[in-house]
Amino acid sequence: MSVVIRLARAGTKKRPVYHVVVADSRFPRDGRFIERLGHFNPLLAKDNEARLKLDMDKTKAWLAKGAQPSDRVSRFLDAAGVAKRAARNNPEKAVPRKERKANAEAAATAATASAAAAKTAAAAAAAAAAKK
């Protein structure tokens, strides 16, 4: 059984509030869960203490049992100093979209050109072998 610590959406339309829950990864996002650890209100200001409430003792206990936090929850735990979040590396994200597209097209044309050159070389080799 894979146990995760994740957010479950609550609240009304356009007024989200999230519960931080421990659940089996196979359960639906807003469905059944094992234990509720706290809540998160994204509509409050970032410096407001009521924005995120977590029971750190329960959270640490579930992490010790092997529960895997979701990306957003791992950000919360990293900010609280409970668990270190692994740095991600996506070097293509820094390149503007137009340049990425141009680089991809250039690589595709280079690949087709090299394939065509290999095909003509193979045909020349076959013709040379036929002459002998």
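Conditions (1) within 35 Å of the chain's Cα centre (by Cα); (2) among the hydroxyl-bearing types (Ser, Thr, Tyr); (3) at pLDDT below 80; (4) surrounded by 10 or more Cβ atoms within 10 Å (Cβ to Cβ), marked per residue:
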{"position": "81", "(1), (2), (3), (4)": "yes, no, no, no"}
{"position": "90", "(1), (2), (3), (4)": "yes, no, yes, no"}
{"position": "94", "(1), (2), (3), (4)": "yes, no, yes, no"}
{"position": "99", "(1), (2), (3), (4)": "yes, no, no, yes"}
{"position": "102", "(1), (2), (3), (4)": "yes, no, no, yes"}
{"position": "106", "(1), (2), (3), (4)": "yes, no, no, yes"}
{"position": "110", "(1), (2), (3), (4)": "yes, no, no, yes"}
{"position": "116", "(1), (2), (3), (4)": "no, no, yes, yes"}
{"position": "128", "(1), (2), (3), (4)": "no, no, yes, no"}
**Item:** Matching residues in region 80-132 - criterion: being among the small types (Gly, Ala, Ser) and not in a helix (DSSP H, G or I)
**Value:** 81, 83, 86, 87
**Message:** Cβ-Cβ distance below 8 Å, separation of 6 or more or different chains: which pairs start in region 82-108 with a residue that is at positive phi and touching a residue at least 12 places away in the same chain (Cβ under 8 Å) and end on one that is of a type in the set (A, V, I, L, M) and surrounded by 10 or more Cβ atoms within 10 Å (Cβ to Cβ)?
**Reply:** none
**Request:** Sort out which residues of region 2-29 are surrounded by fewer than 14 Cβ atoms within 10 Å (Cβ to Cβ) and either touching a residue at least 40 places away in the same chain (Cβ under 8 Å) or part of a loop (DSSP other than H, G, I, E, B) (or both), and write them in order of number.
**Result:** 2, 13, 14, 25, 26, 28, 29
**Prompt:** Considering only region 30-51, how many residues are open to solvent by 50 Å² or more (accessible area, probe 1.4 Å), more than 21 Å from residue 66 (Cβ to Cβ) and hydrophobic (A, V, I, L, M, F, W, C)?
**Reply:** 3
**Qualifying residue in region 63-79 (condition: part of a helix (DSSP H, G or I) and more than 30 Å from residue 7 (Cβ to Cβ))** = no
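The values are calculated or read from the model by the stated rules, or taken from the named source; none is laboratory data. This one's a predicted model, so the numbers in the text were calculated from it and none came from an experiment. Virtual Cβ from ideal backbone geometry, glycine too; neighbours counted across all protein chains shown. All accessible areas refer to the heavy atoms of the entire protein, side chains included, with ligands and DNA or RNA removed. Shrake-Rupley method; radii C 1.70, N 1.55, O 1.52, S 1.80 Å.
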